[in-house]
Structures are given as structure tokens and as C-alpha cells.
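*Asks:* Below is the structure I would like to discuss, written out as C-alpha cells.
The values are calculated or read from the model by the stated rules, or taken from the named source; none is laboratory data. Here the structure is a predicted model, which means the values were calculated and not measured. Counting neighbours? That spans all protein chains shown, and the Cβs are built from the backbone with ideal geometry, glycine included.
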Amino acid sequence: MQHVFLIHAHKDIDQLNALIELLCDPDFLVYVHLDRNSGIDPAALHPHARQVRARVAVSWGTVSQVRASLASLRQILLEAPAFDKLVFLSGQDYPLLPNALLKMELAQLHGRELIETAPIAPGGWAVMRRYQYFHREGGGALEQLACRLANGVLILLGRTRRFPDGLAPYGGSAWWTLSRDCLRELLRLADAHPRLLRFCRTVRCPDELYFQTLVMQSRFAAHVVPDNYRYICWPDRHARNPKILDEGDFERLRVSPAHFCRKLDSRISAGLVRRLQAWRAGRLRT
């Protein structure tokens, strides 16, 4: 059974190529989207990987992340007509399972959609302000001023923004594992609700709600396992970025049910990578 790995990367070609090397397997297809803002030379990419042709200039926390994902998915669904699951990774992820065990795990989850998701609501994931008010992460001074003025009007009127087309907002981690059929339906819904993508231009971190909202709108909602099988450590609930994992995290990773961990840095995580390499090799022998 074939699986696709989609990696979005913006730095450190050596770390990226090392990840691709770990995923070299006759049952795996690897696609890489290289951020157009990055200095990575596409010619230096590992030959096992296929490149996403539409390179999007990505800025953290903006709709550009969603656009890059959609462009990647559209190409993959055209070129890879037969696969079971697509695993969405960053260039700073690391597989905790050798390929043989990862294939067994994914086979056991056949028919399930692995995406961390919860209703964005007071009783769920309470991040309503991300979309209820206007945000322009990284925008210019005039854009920031326009957002502040628009938000001031909303507050004065006692109003907030709502999702377009009556969609119920869901959110969670930007990294997930979805089936080919679910992705086809997701892209159909994306085309059916173009207002959602436009709405996300002024949403904070829309990549953490766009895909969840569409999956939970689809017929695949009943097949969702609200777990993305990633080990990610957040320093605190208000942190902008996850912790860079180091050797001190090894024991927690060793007992984790996760398929992948993030976030790794080639310098800070060097000791951890050495221990993970040895552990993965031992798991393969057992």
C-alpha cells in the first residue's frame, strides 16, 4: 500500500535531505514544497523527492501557508492517483518508527483520518479571536492600521466576524495524515467555498483551522481520529513556536505512541538525533 509524504521546508537543506533519506522506500512517495522565500537551491534536493512546482512565498501565521498546502495537494492528487494516506510534515520533523513499522501502523489506521481537531468555541479550543477580529500578521503599517480601525468598529458595535457560508469553525495542529479520498473531498469543498480562503487572509494562523473546518464539513468527519500522531512540546499555552527538542526529550519520545516528532534543529538536536537513529535501528531488528 503506497503512502505519500508532503514536506514543507524553508531552511537547512542537509536536515531536509536527511529526512528524505529516512523515507526512501518503494512504498513511499515524497514531495517537497520549497518556500520561495528560502535560500534553498532546488538542485540540491535529494533525488528521491519530487518538487512541488508552484512555490509559494510563505510567511508565518498567514494564508500563504494554506495556499502552499493547497498547491501541493492539487499537484499530488494529479500525479499520484493511487495512495492510501498523505502524511504532512515540516522539514524539521523526524520519524520515530522505521519504515516497516510505520507502514504497519498506517495499515492499522486504514479508513481513519488522523487530524487533531476540536470545535473553536468556549467549550472547545477557545481561540475565537483568531477569526472574530481582523489580523494581518507581518503586514505593512497601513494594513496593520486598517485592521486596528476595523476591529475598533467591531468592538464599538459589539459585533464579531463569523465564518463564511455558515461553516462551523474547527481547529488544531497544522500537521496531519489524511486519506486520498478525504483530500479529494477537501479540495472539492475548498473550490465550493472560495469565500473561506478569502476570509483567511485576515485570520491569524489559518493553517490551524482551514483544513480542520473543511474535513469536519465533509462526509469524512465520522472517520476522524482527533490525533495527528505527532510528539510536539509547547513551552506554554501562549507560545508562538514549539520547543526545539534535544537529548533530554529522548525518554519521552521513546514511550510516545507518536509516528513523528517535531521540532528538531540540526545543531541543538544533534545528540537527540544520534539516540533516535540507534533506537530506530533497534526497533527494526526486534
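*Asks:* Out of 266, 256, which single residue is under 20 Å from residue 22 (Cβ atoms), touching a strand residue (DSSP E or B) at 6+ places or on another chain (Cβ under 7 Å) and surrounded by fewer than 19 Cβ atoms within 10 Å (Cβ to Cβ)? Break it down into steps so the answer makes sense when it comes.
*Replies:* Values: 266 fails: touching a strand residue (DSSP E or B) at 6+ places or on another chain (Cβ under 7 Å).
Checking each option against the conditions leaves just 256.
*Asks:* For segment 67-160, which fully contained helices (runs of 4 or more DSSP H) count at least 2 residues that are hydrophobic (A, V, I, L, M, F, W, C)?
*Replies:* Where helices (runs of 4 or more DSSP H) fall fully within segment 67-160 and carry at least 2 residues being hydrophobic (A, V, I, L, M, F, W, C), they are 99-108, 141-157.
*Asks:* If you don't mind, there's one more thing I want to ask. What are the residues in segment 41-57 that are in contact with a helix residue (DSSP H, G or I) (Cβ under 8 Å, 6 or more places away or on another chain), surrounded by fewer than 21 Cβ atoms within 10 Å (Cβ to Cβ) and not charged (D, E, K, R), if any?
*Replies:* 44, 45, 46, 48, 51, 54, 57
*Asks:* With the requirement that a residue be at pLDDT below 95 and basic (Lys, Arg), what does segment 68-102 give you?
*Replies:* Correct list: empty.
*Asks:* Then there's this: Could you check segment 195-286 for helices (runs of 4 or more DSSP H) lying wholly inside it with 2 or more residues that are without any contact (Cβ under 8 Å) to a residue 40 or more places away in the chain? Give the derivation first.
*Replies:* On the way: elements: 210-217, 250-254, 270-285.
Per the criteria, 250-254, 270-285.
*Asks:* Would you pick out the residues in segment 64-89 that are among the aliphatic types (A, V, I, L, M) and over 13 Å from the mean Cα position of the chain (by Cα)?
*Replies:* Initially, segment 64-89 is screened for residues among the aliphatic types (A, V, I, L, M), giving 66, 68, 70-71, 73, 76-78, 80, 82, 86-87, 89.
Scanning segment 64-89 gives 71, 76, 77, 78, 80, 82.
*Asks:* Can you name the number of the only condition in (1) in contact with a Phe, Trp or Tyr (Cβ under 8 Å, 6 or more places away or on another chain); (2) among the aliphatic types (A, V, I, L, M); (3) farther than 30 Å from residue 193 by Cβ that residue 7 fails?
*Replies:* (3)
*Asks:* Residue check: is residue 250 of a type in the set (Phe, Trp, Tyr), over 25 Å from residue 68 (Cα atoms), out of contact with any Asp or Glu (no Cβ under 6 Å at 6 or more places or on another chain) and surrounded by 15 or more Cβ atoms within 10 Å (Cβ to Cβ)?
*Replies:* Yes: the conditions hold for residue 250.
*Asks:* Any idea which residue in segment 1-47 is nearest to residue 95 (Cα to Cα), counting only those that are assigned to a loop (DSSP other than H, G, I, E, B) and charged (D, E, K, R)?
*Replies:* Checking each candidate, the answer is 25.
*Asks:* Which numbered condition trips up residue 109, out of (1) crowded, with 16+ Cβ neighbours inside 10 Å; (2) farther than 27 Å from residue 220 by Cβ; (3) more than 18 Å from the chain's Cα centre (by Cα); (4) in contact (Cβ under 8 Å) with a residue 60 or more places away in the chain?
*Replies:* Exception for residue 109: condition (2).
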